[in-house]
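The values are calculated or read from the model by the stated rules, or taken from the named source; none is laboratory data. These numbers come from a predicted model, not from an experiment. Here the Cβ positions follow ideal geometry from the backbone for every residue, glycine too, while neighbour counts run over all protein chains shown.
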Amino acid sequence: MSSHSPRSPFWLATLGIGLSAVVTIGLMLGRPTPAEAEETSAPPGLVVKGESVQLPPDGPQWQYIELGVATEAPMLAPLPAPGRVDLDERRTASVGTPLAGRVDQVRVRTGDRVSAGDRLFSVRSGAYADLERELKSAETEVADKQRIAERVRELVSLQAAAEKDLLAAEAELRQAKLTLQAAQAKRASLAVSADGDNLFWVKAPRAGTVVDLDVTASQEVTPDRDRPLLRISDLNEVLVLADMQESDASDLQAGQEVSVSIRSGALARKGVVEHISEVVDPHRRTVAVRVRVLNEDRALRPNAFVEVTPLPRGDIKRVQVPAGAVVTNGERSVVFVARDAHRLERVPVTVGRRRDGAVELRGGLEVGSRFVARGALLLENTIELAD
């Protein structure tokens, strides 16, 4: 034990002079009653033993210490978390060109609303002209084979041609029809509308708003382009991606309602938690939360910054203590629990939110336990100096 041992009378005198007065917060709680002091044979002086500090019943240290009883209270309201409005990919369509060519006209701009089937932009394409010729050639081939088969059938009925000639003609007709069907299917799969031999219009695959546009007149385009030329999204519903503190995210669950508001606070509406990441961002130490929000008035615009605040849950109650009752040293937080009339034990706790001088404890302190509500730092320093 060093010369600064809590057993030293000189240390006790110095402690009494050095500490400033603090506000008394307990009425019924505080220094042990004389009856409690008599029940236990307390040592004559202050004693530090492991995680405990034993104080004499009449020691001067009690004027700096007050006890409280741990009680539960509704969870503290979480702070708003920053978020960003994003598109719902399930309500978004990417548009490109089915054939290589050069853009002729663009009829839309970013932010325009379109209906399914509206013309978006046109492309002049030699490949499209070849496809049209292939289709017309297949149609002509079928017509020719049809006439030949009918003529051979007439000759067979007049016994002027062999039966095998009719079978051959009908086989050729069937093959021509298959070729035509393939050409028609290929043409239909493009989902475009023709406007001349080598010009086609790309149409909107769904109703929505043009949220991304990367196409201009005279631009060369190909089907294998890395990014879409245009994207259309239904903004009646949007997603909000929020970065929440770990303590706040741990209270969330899928399906829970949250409040979403723009930074100015002029707009606030409810959203529903859709997904909570199981991974903590290693740099920001936050948890990604995805929220679905109705947006029929289009007030929440994609890429806008918003704030997301979980709505208070009345079904969650936690132990709350004054901020001065919790001592944090690095990553460890402790409170001091009264084990008997004069022995105060240091106990690790899990700290939650801190608001307006109160601290929420998620574990470590049981309801009904007596704890040091004022003077915890004094006891912590006492143990540290005794080590």
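What to note about this one:
- Within region 208-253, the set of residues being in contact with a Leu (Cβ under 6 Å, 6 or more places away or on another chain), buried (at least 18 other Cβ atoms within 10 Å of the Cβ) and in a loop (DSSP other than H, G, I, E, B) comprises V215 only.
- Subset tally (residues that are modelled with pLDDT of 95 or more and either in contact with a helix residue (DSSP H, G or I) (Cβ under 8 Å, 6 or more places away or on another chain) or not assigned by TED's automatic domain parsing to the domain that holds T209 (or both)) for region 96-121: 0
- Scan region 173-193 for residues that are in contact (Cβ under 8 Å) with a residue 60 or more places away in the chain, surrounded by 15 or more Cβ atoms within 10 Å (Cβ to Cβ) and either assigned to a loop (DSSP other than H, G, I, E, B) or touching an Asp or Glu at 6+ places or on another chain (Cβ under 9 Å) (or both) and the total you get is 1.
- Within region 187-213, the set of residues being closer than 10 Å to V95 by Cβ and under 28 Å from the mean Cα position of the chain (by Cα) comprises R206, V210, D212, L213.
- Checking each residue of region 346-357 against the condition of being over 28 Å from the mean Cα position of the chain (by Cα) and at pLDDT below 90 gives at least one match.
- The strands (runs of 3 or more DSSP E) found entirely in region 68-152 that carry 1 or more residues being of a type in the set (V, I, T) and under 28 Å from E220 (Cβ atoms) are 92-95, 101-106, 119-124.
- Those strands (runs of 3 or more DSSP E) of region 293-334 in which 2 or more residues are in contact with a Ser or Thr (Cβ under 7 Å, 6 or more places away or on another chain) and in contact (Cβ under 8 Å) with a residue 12 or more places away in the chain occupy 305-310.
- Taken over region 341-355, the criterion of being closer than 15 Å to R318 by Cβ and assigned to a loop (DSSP other than H, G, I, E, B) is satisfied by V349 alone.
- Residue within region 154-167 that is in contact (Cβ under 8 Å) with a residue 24 or more places away in the chain and hydroxyl-bearing (S, T, Y) present: no
- All of V152, V142, V156, V103 fail the test of being farther than 30 Å from L173 by Cβ and among the aliphatic types (A, V, I, L, M), apart from V103.
- Residue list for region 161-184, filter: more than 15 Å from E141 (Cβ to Cβ) and modelled with pLDDT of 85 or more: A162, E163, K164, D165, L166, L167, A168
- Out of G324, G330, sole residue that is crowded, with 18+ Cβ neighbours inside 10 Å and over 30 Å from H275 (Cβ atoms): G324
- Output for region 257-283, where each listed residue is modelled with pLDDT under 90, more than 20 Å from L87 (Cα to Cα) and of a type outside the set (A, V, I, L, M): S264, G265
- The residues of region 318-345 that are more than 38 Å from the chain's Cα centre (by Cα), under 15 Å from G368 (Cα atoms) and aliphatic (A, V, I, L, M), listed by number, are V337, A338.
- Filtering V211, V240, V142, V202 for residues that are in contact with a helix residue (DSSP H, G or I) (Cβ under 8 Å, 6 or more places away or on another chain) and either in contact (Cβ under 8 Å) with a residue 12 or more places away in the chain or over 30 Å from I262 (Cα atoms) (or both) leaves a single hit, V142.
- Boolean, S125 is loosely packed, with under 13 Cβ neighbours inside 10 Å, in contact (Cβ under 8 Å) with a residue 40 or more places away in the chain and not assigned by TED's automatic domain parsing to the domain that holds R290: no
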